[in-house]
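Report on one structure; see the data block that follows.
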Amino acid sequence: MSGNELTTSDFTQENEPFSLFGTWLKEAESAEPNDPNGLALATVDADGMPNVRMVLLKSFDLDGFVFFTNYESRKGQELLGQKKAAMVFHWKSLRRQVRVRGDIETVSDAEADAYFETRARGSRIGAWASKQSRPLESRFALEKAVAEYTMKFGIGHIPRPAHWSGFRLRPVSIEFWADRPFRLHDRVEFARAGEGWEKVRMYP
């Protein structure tokens, strides 16, 4: 299968969405020049006002899609407060997108610790230094905080900050979209139905 070709059999042979998502993500890793695991994450605040920003998917399995952030950030507070979110993966070079909606839960401390240890040392320092989403008086203030935490931890172990962890989006629906000529695109939605999934082909 090449490029954006997705045949009807690709839909009918799949009874659940995660294997199809895995195939598409793997193909995006070969085709997209930057961050094939990038996604637009949409949240909503207590007043119903939406927010959207780009984050990176770090893992997925049958339980859902995992990403990490500062829990004290705007998105962290909205996710903790409303416990619902939506995602869009857009792979422009493949002319495909995947839309996900669902409930939010926090990952375990063990899962967050394990991922934090894989981050570059500078990124771990940054998780301590950045008061994400809050006003910054100057670039110098951020650089000073980075220097202070660099000195504090030296060459030793950098623990994960308690306010930095991960979220898992447990999907209630996953829609796959593939470009077709004359905007007659292919769309298939998988909707959660008990322990399984219902699959519906959608008009473009």
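Worth pointing out:
- Among the residues making up the stretch 150-183, those that are surrounded by 19 or more Cβ atoms within 10 Å (Cβ to Cβ) and over 18 Å from the mean Cα position of the chain (by Cα) are ILE158, ARG160, ALA178.
- Any hit, the stretch 186-198, residues being loosely packed, with under 12 Cβ neighbours inside 10 Å, over 20 Å from ASP63 (Cβ atoms) and free of Cβ contacts under 8 Å to residues at least 24 places away in the same chain: no
- Residues in the stretch 22-53 that are acidic (Asp, Glu) and more than 28 Å from GLN82 (Cα to Cα): GLU27, GLU29, GLU32.
- Any hit, the stretch 99-114, residues being modelled with pLDDT under 95, crowded, with 20+ Cβ neighbours inside 10 Å and either within 17 Å of THR23 (Cα to Cα) or in contact with a Cys (Cβ under 9 Å, 6 or more places away or on another chain) (or both): no
- Counting only strands (runs of 3 or more DSSP E) that sit wholly inside the stretch 14-108, those with at least 2 residues that are under 22 Å from ARG119 (Cα atoms) and touching a Ser or Thr at 6+ places or on another chain (Cβ under 9 Å) are 50-56, 64-70.
- A residue that is part of a loop (DSSP other than H, G, I, E, B), more than 18 Å from the chain's Cα centre (by Cα) and closer than 26 Å to ASN51 by Cβ cannot be found anywhere in the stretch 139-148.
- Residue list for the stretch 79-114, filter: of a type outside the set (A, V, I, L, M) and over 28 Å from PRO161 (Cα atoms): PHE89, HIS90, TRP91, LYS92, SER93, ARG95, ARG96, GLN97, ARG99, ARG101
The values are calculated or read from the model by the stated rules, or taken from the named source; none is laboratory data. Values in this document were obtained by computation on a predicted structure and should not be read as measured data. Neighbour counts run over all protein chains shown; Cβ positions are idealised from the backbone, glycine included.
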